[in-house]
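Asks: I'd like to ask you about the structure that follows.
The values are calculated or read from the model by the stated rules, or taken from the named source; none is laboratory data. In this text, all values refer to a predicted model and were calculated from it rather than measured experimentally. All Cβ positions, even for glycine, are placed from backbone atoms using ideal geometry, and neighbour counts span all protein chains on display.
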């Protein structure tokens with residue numbers, strides 16, 4: 001039985017606690033992709049002013065007010081959060097209000113019988 005210790009297949013430039021050992025350059029260098037993305041973000045932040053953002057948001061707002069579905073979704077998503085998650089929560093609450101304990105018990109029996117290979121018709125006969 002394992003003692004919940006990580007497998008060791010050499011040091012791989014790491015100390016027993018997983019940190020990089022002296023002389024291992026990988027910890028110092030970091031991710032080259034992350035560095036590239038950081039440079040792009042910096043360039044965007046330097047190129048786009050606060051006034052530019054206001055103009056962009058104004059055009060987005062205008063498109064939303066004109067009835068463009070993509071713009072409405074973007075505005076609502078940015079202002080009140082993900083609409084789909086809120087909608088899913090509402091649907092789940094409605095379903096939970098409708099489903100009774102008997103329905104839940106029947107669903108549990110159907111699932112367990114299905115796992116055992118029993119058909120729904122057999123289950124219906126058992127209920128009568």
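Asks: Kindly indicate whether any position in region 75-83 is modelled with pLDDT under 75, closer than 30 Å to residue 54 by Cα, under 27 Å from the mean Cα position of the chain (by Cα) and part of a helix (DSSP H, G or I).
Replies: There is at least one residue in region 75-83 that is modelled with pLDDT under 75, closer than 30 Å to residue 54 by Cα, under 27 Å from the mean Cα position of the chain (by Cα) and part of a helix (DSSP H, G or I).
Asks: Determine, yes or no, whether residue 126 is part of a helix (DSSP H, G or I), surrounded by 10 or more Cβ atoms within 10 Å (Cβ to Cβ) and at pLDDT 85 or above.
Replies: On the way: part of a helix (DSSP H, G or I): yes; surrounded by 10 or more Cβ atoms within 10 Å (Cβ to Cβ): yes; at pLDDT 85 or above: no.
Answer is no for this residue.
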